[in-house]
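A short reminder: the numbers here are calculations on the coordinates, not readings from a lab. Note that the structure is a prediction, hence the values are computed from the model and not measured. So basically every Cβ, Gly included, is an ideal-geometry build from the backbone, and we count neighbours across all protein chains shown.
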Amino acid sequence: MTRTGAPRPHPAASQPPGVSSPSSAPPSGPFRRLRSALSLAGLAQWLSVPALTAMAAMLTRDDDVSTRLQAVGGTLALMLLPAVLLAPLAGPLAGRVDRRLMLMIADVLRLVIVVTVPLVDLLAWTLAAAFLVSCLSLLWAAAARSSLRALLPDEEPRAARTASRAVFGPAPAAAVLFAVLALIADGMLGRGSRADLALYVTAGIFALSTAAVAMIREIPVTAMAPVPAPLKLLFQGPGTAAARGTGLAIAAVSLTAGAVVAVARVHTGVLGGGDAGYGTVLAGLAFGLGFGMFLGPRALVPFSRRRLLGLAVVAAALALVVLALVQNLVVVVFMTAFLGVFAGAAWSTATAAVTDPDAPEDARPVAYLRSVALVTAFVALIAVPLVAGALGAHRIELGGGVYDVAGSGAALLIAAVVALVCGLPAYRRLDDRRGIPLVPDLCAALHGEVYTPPQAAAEAAQQPVHRERGVFIAFEGGEGAGKTTQARLAAIWLRDHGYDVVTTHEPGATKIGMRLRAMLLDRDTTGLSDRAETLLYAADRADHIANVIRPAMERGAIVVSDRYVDSSLAYQGFGRQQPVEDIARVNAWATGGLVPDLTVLLEIPPEAGLRRLPAPADRIESEPQDFHERVRAGFRALAEADPDRYLILDASRPQGELSREIQYRIREILPDPVPAGTEDATSTFPAIRDF
Ligand code: TYD
């Protein structure tokens, strides 16, 4: 595990300080203009969803509830249909035309279609418009993706991220805008033309987006990325058993979200909310989804990801139960938002779980999950309004009380039960901590710990782990980054789990080292040459290795060191501007080539780090700001050159969060076999490889 082979030059040794990764390059002017134009078109596209459904609801306002439900559900289903059936055709079709022209054609045609809807004033045309607008949106999204890639040719992941932000990001804003427009229309327009305003505003935003694209002079041509057919992916299956189990979970959450959207317009009408209420419910869902996606990977870090996914599904289904039963608009809005948070968290957890960390570019499992979500939502948009219409409204007498149950509420309840029926087995299949009670596991995770059943913990404490060769973990970072604290916390945590741990530091962990440290850090030491400084640190390190680290490693202990070779590379190499390769060579000789199994790099801007230090500063701390800037850039360059060995953390984050992430990463390199109790405590890996 620990590499002690022949000395090798550090991979980053020849990298100049301050080299920034390509992702930090500022975006170009055309790229920024395109991004803004696409966000406008994205806003119009999302605004068209409630606008067209509100139109369908308005055109059927004099019909029975069942007809209204089907008109709204049908409009939504027709908007999703192109993504289900025609997704693979969009790329090749859009690729026939110049990208910029394609974006403008899609915007202008969507504008014309949307404007004609209130003028024609017919349900059939509203339905056709929903389908056509979505077909054009598919072409637009394909052209948008390839345009962003063309303007960022070397940064494929960044272009993909920007494209999905431009396409999905404006959804919450569109829902809020729709609610505001509905309030304005309620006050200003007559009963028969309340939905018109949102449609005209949609058309107006499409016009702005067209003008914005027209101002971008040229977009280079790139190949269109192929998009797999959702139905084909569904029939081909997920590829792994893990993705299949996760697929069941995603189907359940997609059903809950699809069911709410399907009946939201009519249900809010029954509760007296009208279009403004409808917009508020959609805004709750959109914000909830976004927040949930953000929260998923960050919430309850020590908790099993599989358990979290299962729990999120069950929680989304329970939110739908409350939403269906409580006939109050405010409760419905909040429950929809909660449902969105759980669904979003389930989505981000599931996609992270099926992505193989060794082959992150294999997008097939995620494409499979997307297909599951899409097709389930499509089925929900058709089935839930049909069921709601068939059930109709009923008055139920129960326990002396009389309850009015709307068809939409009953259909939502049925959808919630179906989601629970899928969600509970999904949770059981996903659970990788069987036998460990859920509540204490969850409580421990809330306190940032992994729950170990008392009996297993006692067993672990009685048998410290001994191995032939130990594990070496180094903590690195600039001044005031909090390495010492984090190294201490990690050592305490490891000892709690029964490991034999040696904590140490550089410079000055041995008797000779203490004298060297005094020379190195005393501000009275003047005129010390850079080379002498480098060699004194290397001498301290050689003594440290011989007398502390090597003996501990040989008896199988885990060594946690506050600073190691990287400090010399960063301070004496990058900071003092000496050849980093030479310093790497000297240190490889001094250490016999011992490289840590894991280096935790705590990153902090020098001015913030130095502010944290108690005065007076030592000889190195009192170096000028640009020295510390170079040290920081040096550490980053070293870490980026060997990402497998480093954990880079933003040291300004809360201490508890940092130690959780550190524990999580240390678990990956802990020796095997481990005692039973420790195994329980360390089994919650983020990646789901297989069942
Ligand atoms: P110390 O008081 O241990 O500071 P810190 O809390 O930041 O670890 O002092 C160590 C100082 O020595 C620190 O400023 C960094 C510097 N140093 C080097 O310049 N090169 C090295 O190889 C090492 C180990 C430390």
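Overview of values
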quantity	calculated
Exposure proxy ranking, count of Cβ atoms within 10 Å, fewest first, for ARG585, ARG96	ARG96, ARG585
Computed over segment 28-227: relative contact order in percent, which uses C-alpha pairs under 8 Å that are six or more apart	41
Neighbour net charge for ARG99 - beta-carbon separation under 15 angstrom, K R +1, D E -1	+4
Extension gain from ASP626 to THR484, taking 0.36 nm per residue of separation minus the Cα-Cα distance	48.8 nm
DSSP bridge pairs, the chain: antiparallel proportion in percent, nearest 5	20
Label-to-label distance, nm, for residues given as ILE396 and ARG364 (7 Å Cα→Cβ offset)	4.6
Spatial extent of segment 466-668: Rg and Dmax, with the Cα atoms as the point set, Å	16.1, 47
Relative contact order of segment 466-668, defined on C-alpha pairs under 8 angstrom at six or more residues apart (%)	33
Largest-first principal axis extents of the Cα set of the chain (Å)	92, 66, 49
Nearest-ten-degree value, helix 99-120 long axis tilted from longest Cα axis of the chain	30
Nitroxide proxy distance, nm - points 7 Å out along Cα→Cβ at MET188 and ASP618	6.9
Computed helical MRE - 222 nm, the chain, DSSP H runs ≥ 4 contributing -39500 (n - 2.57), nearest 500	-21000 deg cm²/dmol
Peptides 220-229, 271-280, 323-332, 563-572 ordered by average Cβ neighbours within 10 Å, highest first	563-572, 271-280, 323-332, 220-229
FRET efficiency, 1/(1 + (r/R0)^6) with R0 35 Å, evaluated for ALA211 and ARG645 via beta carbons	0.10
Mean separation of Cα contacts under 8 Å, 6 or more apart, over the residue count of the chain: relative contact order %	18
Peptide ranges 381-393, 72-84 listed from the most packed, as the mean C-beta count within 10 angstrom indicates	72-84, 381-393
For segment 466-668, size of Cβ-based charge dipole, Lys and Arg +1, Asp and Glu -1, in debye	500
